[in-house]
Amino acid sequence: MHRTKGQPIAAFDIDGTLVREQLLVLLLKECFEFGVFPKVAELAFREMRRAHRDRKLSYDVYERKLIDLFEERIRGKMRADVEVVADIVAQKNRDWLYVFTRTLLDQLKRTHRCVAITGAFEETVRLLAPEWGFERYYPTVLEIDAEGRYTGVTLKLPVAAKGEVLAAAMKDLNCEREGSVAIGDTGSDIALLEAVDHPIAFNPNNTLASEAERRGWPMVVERKDCIYVFAGGSFRRFTREHATDAVRYVLQRQSS
């Protein structure tokens, strides 16, 4: 039987790629603000942030410490309370996005099946991903007991196997690799990028930047009101107002 050709897929990381800050950091801040987590834990949180700011902690170590702090403090808390805080995070930060990535997503929604694969927690992602235009989203999911409290057990961790999650999403959505796009910012996104026709390393850390250089993947850096594109041995700078041109340039460079 003839198989109908599917649409291409577009896979996005969220933290540091679409959103300008980690959703976990934003959620932690509000949990401290509204007393879901004790103020004494906020001292440790602030020290982690300061150490990372001053480059005394690598990003990977910093991220792991944030996750450990959250998972330690979330145990025994009511999900209903965290959902209230997550709604505040969503209201405050739904538009705090990188211009290039937001423009890319807006463009691809017309032609691709857009999915988000992220280490961010379900409580915030499920509020924001549909609003941004993602058809499917794959966040970290924590276990809840019969009383509605967090047990501290992680049920789903898609960030640990982004390539496998993308492959399953493509099968489920009947998507083709041809014309597919993926964008991410750290080493955990390498498996995501190597699974598509059009990989994009965005504001990459050293691990991803090294891999992008080796494989010839385009790199995009957004700073202040400028978007810098490194692709095919060439360099272009675009202003924020010309983000659409930057997106077109990146995709065309890979198609040529």
Revision key, fill the gap. Most packed first (mean Cβ within 10 Å per residue), the peptides 244-252, 230-238 order as 244-252, 230-238
**Study point:** GLU131 versus ARG46: modelled label distance in nm, points set 7 Å from Cα along the beta carbon direction
**Key:** 2.9 nm
Check your understanding: Considering only DSSP beta bridges whose two residues both sit in the chain, what percent are antiparallel, to the nearest 5?
Key -> 45 percent
**Study point:** Radius 15 Å from Cβ of GLU135, net charge of other residues (Lys, Arg +1; Asp, Glu -1)
**Key:** +3
Revision key, fill the gap. Helix 162-172 sits off the longest principal axis of the Cα atoms of the chain, rounded to the nearest 10 on a 0 to 90 degree scale, by 70 degrees
Review point. Once you list every other residue whose beta carbon is under 10 Å from the beta carbon of CYS226, what net charge do they have if Lys and Arg are +1 and Asp and Glu are -1?
Key: +2
Review point. Stretch ASP172-ARG55 to full length: gain in nm at 0.36 nm per residue minus the Cα-Cα span?
Key: 38.0 nm
Point to revise | Length gained when the stretch GLU213-TRP96 is fully extended (0.36 nm per residue, less Cα-Cα span) | key: 39.2 nm
Exercise for review: Which order do the peptides 182-191, 76-85 take when ranked by the mean count of other beta-carbon atoms within 10 Å per residue, highest first?
Suggested key: 182-191, 76-85
**Study point:** Neighbourhood charge, 9 Å Cβ-Cβ cut-off, centred on ASP185 and excluding it, Lys, Arg +1 and Asp, Glu -1
**Key:** -3
**Study point:** Pairs of alpha carbons in the chain whose separation is greater than 24 Å (percent)
**Key:** 49 percent
Check your understanding: Which of LYS39/LYS109; LYS56/LYS109; LYS56/LYS224; LYS65/LYS92; LYS77/LYS224 have a Cα-Cα distance over 31 Å?
Key -> LYS39/LYS109; LYS56/LYS109; LYS77/LYS224
Check your understanding: Charges only on Cβ, +1 for Lys and Arg, -1 for Asp and Glu: so what's the dipole of the chain about the Cα centre, in debye to the nearest 20?
Key -> 600 debye
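Values in this text are rule-based calculations from the coordinates and carry no lab data. The model shown is predicted, which means the values in this text are computed figures rather than measured ones. Here the Cβ is made from the backbone with ideal geometry for all residues, glycine too, and neighbour counts use every protein chain on show.
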